[in-house]
Amino acid sequence: MRRELDAREYKLLLDPAKFDGSLSLMTANDFWYRQICPVIDRHLDQKKDGGSRARDEFDRLENRLVRFWDTPTCTLSLSEFVLRSRETDPSATPAEPVQLTLKLRMEDYFVVSQTQLLGTGRKPQTELEEDIAPLEVATAPRASGVVLPLKPSVRSRYSLSTKVSYAWPPERRTTGHLGTLFPTLANLLRAPLPQDAPLIGGPEIRECVMKGAKIRLGDGITGEITLTFWRFGPSFLTLDVAEVSFKCHLIDHAMSREAADRALRFFLAIQTDLAGYVTNSHSSKTAQALPAGCAGG
């Protein structure tokens, strides 16, 4: 049984050095009004009432603790899966629930959309998204940098993710508990899931997310813009990753041609108009955060 598309998210990595210093809503809105809004007004038509398609501003800031996990032999990443833990309260004790997300992401829509990725934790939520980013080619196997085409571009991958809330102290961070939480996983992997092996984590990440700004694309579709920043442990002193993205929740699993065209034109435009901010040092946020040896699997 095929799952229908729930959302589309457009993602563009930025040079974190451009945001050096303390992160705040004031910083985010300076970027919004000085950099993003002019792109919207230059490249998109006005609304019927003559107003800009830019709406609101960043008014929510969340700090979270994020980490990515795999087996010692990178069983998940070699099968196009990633496992992420996220704590909204970094001071929470190990006995308190964290959000665990298991995600299958690849280019083949029919493989992803017909995958059954079940979760047995608290309030499991499953979503199918289209992840859209610039086209890229790795410079070498397992290299961090990528080559981007001369012209702005798009590349789609499809992401099926299931989220569960689960108390996850260190003794439960094993393949045995993972198989219990996601009972269909073992049959979806390209190699056997090791029995009761410990899961290994990538670097601890302090994540700062800012939300609230929007772009009105028409026909009831809104692009919800997010700025995401990562600092890697153990010091958490350097701003390591920056990304601007906008997510469009679909209506009845569809998006009108006009709304999709505006989203595409905006995404292509920011690749050129924000050329001083765009980076090709990595292929994605996740590629920088996987356990050692698992990136590029």
#### Entry: Members of the range 159-196 found to be open to solvent by 20 Å² or more (accessible area, probe 1.4 Å), without any contact (Cβ under 8 Å) to a residue 60 or more places away in the chain and touching a strand residue (DSSP E or B) at 6+ places or on another chain (Cβ under 7 Å), listed by number
Thr174, Asp196
### Task
Starting from the range 268-297, take each residue that is of a type in the set (Val, Ile, Thr) and list its partners that are not in a loop (DSSP other than H, G, I, E, B), counting only C-beta distances under 6 angstrom and pairs at least six apart or across chains.
Ile270/Val39; Thr279/Leu13; Thr286/Val82
### Query
Does the range 246-258 include one or more residues that are part of a helix (DSSP H, G or I) and open to solvent by less than 40 Å² (accessible area, probe 1.4 Å)?
no
### Task
Among the residues of the range 242-297, write down those that are on the phi > 0 side of the Ramachandran plot and either of a type in the set (Phe, Trp, Tyr) or more than 18 Å from the chain's Cα centre (by Cα) (or both).
Asp252, His253, Gly293
### Query
Considering the range 142-189 alone, what residues qualify as being touching a Leu at 6+ places or on another chain (Cβ under 6 Å), farther than 20 Å from Ser85 by Cα and modelled with pLDDT of 90 or more?
Arg155
### Message
Tell me whether the range 281-296 contains one or more residues that are modelled with pLDDT of 95 or more, under 30 Å from Val39 (Cα atoms) and touching a His at 6+ places or on another chain (Cβ under 9 Å).
### Response
no
### Query
Restricting the search to the range 51-77, which residues are open to solvent by less than 30 Å² (accessible area, probe 1.4 Å), of a type in the set (Gly, Ala, Ser) and either assigned to a loop (DSSP other than H, G, I, E, B) or within 18 Å of Thr88 (Cβ to Cβ) (or both)?
Gly51
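The values are calculated or read from the model by the stated rules, or taken from the named source; none is laboratory data. Values in this document were obtained by computation on a predicted structure and should not be read as measured data. Glycine also receives a Cβ, built like all others from the backbone with ideal geometry; neighbour counts cover every protein chain displayed. Accessible surface areas use protein heavy atoms only, side chains included; no ligands, DNA or RNA. Shrake-Rupley method; radii C 1.70, N 1.55, O 1.52, S 1.80 Å.
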